[in-house]
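A.B. asks: Structure in structure tokens, see below.
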Amino acid sequence: KQEVTQIPAALSVPEGENLVLNCSFTDSAIYNLQWFRQDPGKGLTSLLLIQSSQREQTSGRLNASLDKSSGRSTLYIAASQPGDSATYLCAVYDYKLSFGAGTTVTVRA
Amino acid sequence: DTAVSQTPKYLVTQMGNDKSIKCEQNLGHDTMYWYKQDSKKFLKIMFSYNNKELIINETVPNRFSPKSPDKAHLNLHINSLELGDSAVYFCASSQGHLPDTEAFFGQGTRLTVV
């Protein structure tokens, strides 16, 4: 059974600092890994998708890496802004999306 | 133009009632899902349908019955609602089991059972 863990559970940083969010998973037989953002009371917004054959994906200030063999992914957010405050969820896709519990990020102005 | 839409957004109902949540996607995807997000914000899959056929049922009580009239719709019917059913329910869709398949989620339905 796939288990996804996200560390830390919460993170508070001053504006401008870089963010590093970690995700680990137990079964490396995945099609891809997706990072989502969830704002309070809202749905999930897809940020980045990394296919199993890829090592990283970038979108603007976001960069996600994937090391499938070790079951790890890291989401980097450069030069954080207060608008980045949200919960970030990691999910791995085999025949279904299995989610971690998320990292709640607060960026202080 | 909403890709995955759910109705209603909020649902408050009494214990014992039967209720339905509707979901529609306009992305042309062949796979749809229902997820439950509990009070601890953990998202757990309930059902998955591929081309109107049930492919995943994750030990959900049989009071929950999904129905897929076509591959663009996946509705969730809940019988005899219990307090523990209170949660946010998310519908999602993706295109099959492909490495580049990206899942898209609806805005969620917050169900409160009183």
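The values are calculated or read from the model by the stated rules, or taken from the named source; none is laboratory data. Remember, predicted model here, so these are calculated numbers, not experimental data. Don't worry about glycine lacking a Cβ; one is built from the backbone with ideal geometry, like all the others, and counts go over all protein chains shown. Protein only, heavy atoms only, side chains kept; ligands, DNA and RNA dropped before computing areas. Shrake-Rupley method; radii C 1.70, N 1.55, O 1.52, S 1.80 Å.
A.B. asks: Scan region A:33-52 residue by residue and report those that are closer than 19 Å to A:Pro8 by Cα and either facing chain B (nearest Cβ under 9 Å) or open to solvent by less than 40 Å² (accessible area, probe 1.4 Å) (or both).
C.D. replies: Across region A:33-52, the qualifying residues are A:Leu33, A:Gln34, A:Trp35, A:Phe36, A:Gln38.
The rows are residues; the columns are (1) hydroxyl-bearing (Ser, Thr, Tyr); (2) more than 17 Å from A:Ser12 (Cα to Cα).
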{"residue": "A:Gln54", "(1), (2)": "no, yes"}
{"residue": "A:Ser59", "(1), (2)": "yes, yes"}
{"residue": "A:Ile77", "(1), (2)": "no, no"}
{"residue": "A:Thr106", "(1), (2)": "yes, no"}
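A.B. asks: Tell me yes or no: at least one residue of region A:43-55 is in a loop (DSSP other than H, G, I, E, B) and touching a residue at least 24 places away in the same chain (Cβ under 8 Å).
C.D. replies: no
A.B. asks: Working carefully through the options B:Thr109, B:Thr101, find the one that is under 12 Å from the mean Cα position of the chain (by Cα) and of a type outside the set (A, V, I, L, M, F, W, C).
C.D. replies: None of the other options fit; the residue is B:Thr109.
A.B. asks: Based on what the data block shows, is A:Thr58 open to solvent by 70 Å² or more (accessible area, probe 1.4 Å) and more than 27 Å from B:Arg110 (Cα to Cα)?
C.D. replies: When the stated conditions are applied, A:Thr58 passes them.
A.B. asks: Here's a follow-up. How about region A:1-41: which of its residues are closer than 21 Å to A:Ala78 by Cα and of a type in the set (A, V, I, L, M)?
C.D. replies: A:Ile7, A:Ala9, A:Ala10, A:Leu11, A:Val13, A:Leu19, A:Val20, A:Leu21, A:Leu33
A.B. asks: Turning to a different aspect of this structure: Could you list, in sequence order, the residues of region B:67-104 that are within 12 Å of another protein chain (Cβ to nearest Cβ) and either of a type in the set (Val, Ile, Thr) or open to solvent by 20 Å² or more (accessible area, probe 1.4 Å) (or both)?
C.D. replies: B:Val88, B:Gln95, B:His97, B:Leu98, B:Pro99, B:Asp100, B:Thr101, B:Glu102, B:Phe104
A.B. asks: In addition: Count, please, the residues in region A:64-109 that happen to be at the interface with chain B (Cβ under 9 Å from one of its Cβ atoms), at negative phi and of a type in the set (Gly, Ala, Ser).
C.D. replies: Residues in region A:64-109 being at the interface with chain B (Cβ under 9 Å from one of its Cβ atoms), at negative phi and of a type in the set (Gly, Ala, Ser): 4 in total.
A.B. asks: Okay, moving on. Would you call B:Phe64 surrounded by 14 or more Cβ atoms within 10 Å (Cβ to Cβ), away from chain A (no Cβ under 12 Å) and aromatic (Phe, Trp, Tyr)?
C.D. replies: Yes, satisfied.
A.B. asks: Select from region A:61-76 the residues that are under 11 Å from A:Leu33 (Cβ atoms) and part of a strand (DSSP E or B) and write down the one among them that is most open to solvent (accessible area, probe 1.4 Å).
C.D. replies: A:Arg72
A.B. asks: If a residue must be outside any strand (DSSP E or B) and modelled with pLDDT of 90 or more, how many such residues does region B:72-96 contain?
C.D. replies: Adding up the residues that qualify gives 9.
A.B. asks: Across region A:16-32, which residue is farthest from B:Gly96 (Cα to Cα) among those that are open to solvent by less than 50 Å² (accessible area, probe 1.4 Å) and modelled with pLDDT of 95 or more?
C.D. replies: Only one residue tops the list, namely A:Gly16.
A.B. asks: With surrounded by fewer than 21 Cβ atoms within 10 Å (Cβ to Cβ), hydrophobic (A, V, I, L, M, F, W, C) and touching a helix residue (DSSP H, G or I) at 6+ places or on another chain (Cβ under 7 Å) as the only criterion, which of A:Val107, A:Val13 stands out?
C.D. replies: A:Val107
A.B. asks: Among what's in region B:10-42 and is among the polar types (S, T, N, Q) and within 14 Å of chain A (Cβ to nearest Cβ), pick the residue that is farthest from A:Asp39 (Cα to Cα).
C.D. replies: In this case the residue turns out to be B:Thr31.
A.B. asks: If you don't mind, another one. Taking A:Gly83 as meeting all but one of (1) modelled with pLDDT of 95 or more; (2) among the small types (Gly, Ala, Ser); (3) in a loop (DSSP other than H, G, I, E, B); (4) surrounded by fewer than 16 Cβ atoms within 10 Å (Cβ to Cβ), write down the number of the exception.
C.D. replies: Failed condition: (3).
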